[in-house]
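Where a number appears in this text, it was derived from the coordinates with a stated rule and is not lab data. As the structure is a prediction and not an experimental result, all values here were calculated from the model. We place every Cβ from the backbone using ideal geometry, glycine too, and count neighbours over all the protein chains shown.
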Amino acid sequence: MEVIEDGEKSVVATYFYDSPKERQRFSILLDDLVKRHAEAFPDREAAFTVFARAYFTGNLLPLGRLLEETYGKNALRRLLSGDTITSHQ
């Protein structure tokens, strides 16, 4: 967790991972999404935004659709259960 101060506002930034292994897996996933969807995601930050929106709003549907389109059926479920999703199955 990190506190970011911007003038009068302070924002607490949380991360989706706890360990170096999870950080590495998330990094690989973001890089792969940028590679496969270059027109939609010019950089990792743009891909990360989809995950951040899902986390902060609770609306997982756009994230689920993106992952299913990229990695196949039940990709979000597989990702959340700890499986590695790397190819369209």
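Summary of values
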read-out	value
Verdict on Arg36 being surrounded by 12 or more Cβ atoms within 10 Å (Cβ to Cβ) and in contact with a Gly (Cβ under 9 Å, 6 or more places away or on another chain)	no
Helices (runs of 4 or more DSSP H) within the stretch 31-89 that include 2 or more residues among the basic types (Lys, Arg)	44-57, 75-80
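Yes or no, residue by residue, for (1) surrounded by 14 or more Cβ atoms within 10 Å (Cβ to Cβ); (2) within 11 Å of the chain's Cα centre (by Cα); (3) without any contact (Cβ under 8 Å) to a residue 12 or more places away in the chain:
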{"residue": "Phe48", "(1), (2), (3)": "yes, yes, no"}
{"residue": "Phe51", "(1), (2), (3)": "yes, yes, no"}
{"residue": "Ala54", "(1), (2), (3)": "yes, yes, yes"}
{"residue": "Leu63", "(1), (2), (3)": "yes, yes, no"}
{"residue": "Glu69", "(1), (2), (3)": "no, no, yes"}
{"residue": "Leu76", "(1), (2), (3)": "yes, yes, no"}
{"residue": "Thr84", "(1), (2), (3)": "no, no, no"}
